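Asks: Could you have a look at this structure, given as structure tokens, before my questions?
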Amino acid sequence: MASTADFRTGMVIVYDNELYKIVSYQHSKMGRAGAVVRTKMKNLLNGRVLENTFRSGEKVEEARVEANFYQFLYRDGNMYYMMDPETYEQIPVEESVIGDDFNYIRENDEVKVLMYQERPIAIELPAAVELKVTYTEPGERGDTAKTNVKKPATLETGMEVQVPLFINEGDIIKIDTRDGSYLERVNK
């Protein structure tokens, strides 16, 4: 059991028999009333965001979540198969656990999988990933200027993003995994 004094961003708790990750919290005291902790929590199973107020000192159950690195092997229907690189044990992960993050992972990529009671509940991606452009309209001569004009590009995972005009097929670009936006071209 943990107290509200132990709250920190990223902490996973059990609330109403479901797993929630604390996105933000704020301790406040108003006048004669007791102190409270206002939290914004995200449900790890369905992604729903919930705002809740706890009394200061209230006890909550802290979930014991383990983070393990797995290698993504392949997708079969709505199941993604991951392998532990040390034991070679394979685990199936449902598409609902991965959500839209499948746009950022390729076969053989290393993925951080959060496990609760030996069951995968979520994946964590790095802040940015490098992906190859498989299709985009060719750039015209003179399109090297840094302008805000964008064009669509299809990446090797099938994801489509808006990129500057100077990006060509075969270029490797860095993509922000939080919002799916283009960050920069990678020189390799």
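Bear in mind these aren't lab numbers, they're just calculated from the coordinates by the rules spelled out. Every value quoted in this text rests on a predicted model; they were computed, and no experiment measured them. Quick reminder, even Gly has a Cβ in these numbers, built from the backbone with ideal geometry, and neighbours come from all protein chains shown.
Asks: Mind checking the full-extension length gain between A2 and T53? Use 0.36 nm per residue of separation minus the Cα-Cα distance, one decimal, nm. Working shown, then result.
Replies: Working: separation 51, 0.36 × 51 = 18.36 nm, distance 1.55 nm.
Full-extension gain reported as 16.8 nm.
Asks: Rounded to the nearest 20 Debye, what is the dipole magnitude of segment 1-149 about its Cα centre when Lys and Arg each give +1 and Asp and Glu each give -1 at the C-beta? Kindly include the intermediate steps, with their values, before the conclusion.
Replies: Working: 18 positive and 25 negative charges, 228 e Å.
Using only the charged Cβ atoms, the result is roughly 1100 debye.
Asks: Expressed as a rounded percentage, what relative contact order does segment 56-188 have, with Cα pairs under 8 Å and six or more residues apart?
Replies: Values: 249 pairs, mean separation 25.0, N = 133.
Averaging sequence separation for qualifying contacts and normalising by length gives 19 percent for segment 56-188.
Asks: Multiply the residue separation of N43 and E137 by 0.36 nm, subtract the distance between their alpha-carbon atoms, and state the gained length in nm to one decimal. Intermediate values should be presented prior to the final figure.
Replies: Values: separation 94, 0.36 × 94 = 33.84 nm, distance 4.02 nm.
Contour length minus Cα-Cα distance gives 29.8 nm.
Asks: Here is a further query. Ranked by Cβ crowding within 10 angstrom, fewest neighbours first, how are I13, I91 ordered? Working shown, then result.
Replies: Values: I13 20, I91 17.
Lowest count first: I91, I13.
Asks: Report the relative contact order of segment 25-134, percent, no decimals, based on alpha-carbon pairs under 8 angstrom and at least 6 residues apart. Please list the in-between numbers first.
Replies: Values: 169 pairs, mean separation 21.8, N = 110.
Contact order relative to length: 20 percent.
Asks: Around M82, which amide H atoms from residues at least 5 apart in sequence, or from another chain, sit under 5 Å from its own amide H, with H modelled in the peptide plane?
Replies: L73, I91, V93
Asks: Shifting gears a bit: For segment 128-186, what does the relative contact order come out to in percent, with C-alpha contacts under 8 Å and a separation of six or more?
Replies: Details: 121 pairs, mean separation 23.3, N = 59.
Contact order relative to length: 39 percent.
Asks: Using label points projected 7 Å from each Cα along Cα→Cβ, tell me how many nm separate L125 and F102, to one decimal.
Replies: 1.3 nm
Asks: Expected output is a single nm value to one decimal: the length gained when fully extending between S24 and K151, i.e. 0.36 nm times separation in residues minus the C-alpha distance. What is it?
Replies: On the way: separation 127, 0.36 × 127 = 45.72 nm, distance 3.58 nm.
Extending this stretch completely gives an extra 42.1 nm.
Asks: Could you line up D171, D16 from fewest to most neighbouring Cβ atoms inside 10 Å? Intermediate results must be reported in sequence, preceding the final value.
Replies: Numbers: D171 18, D16 8.
If I rank by nearby Cβ atoms, fewest first, I get D16, D171.
Asks: Among D76, D179, which comes first, second and so on when ranked by fewest other beta-carbon atoms within 10 Å? Intermediate values should be presented prior to the final figure.
Replies: Working: D76 9, D179 6.
Result, fewest neighbours first: D179, D76.
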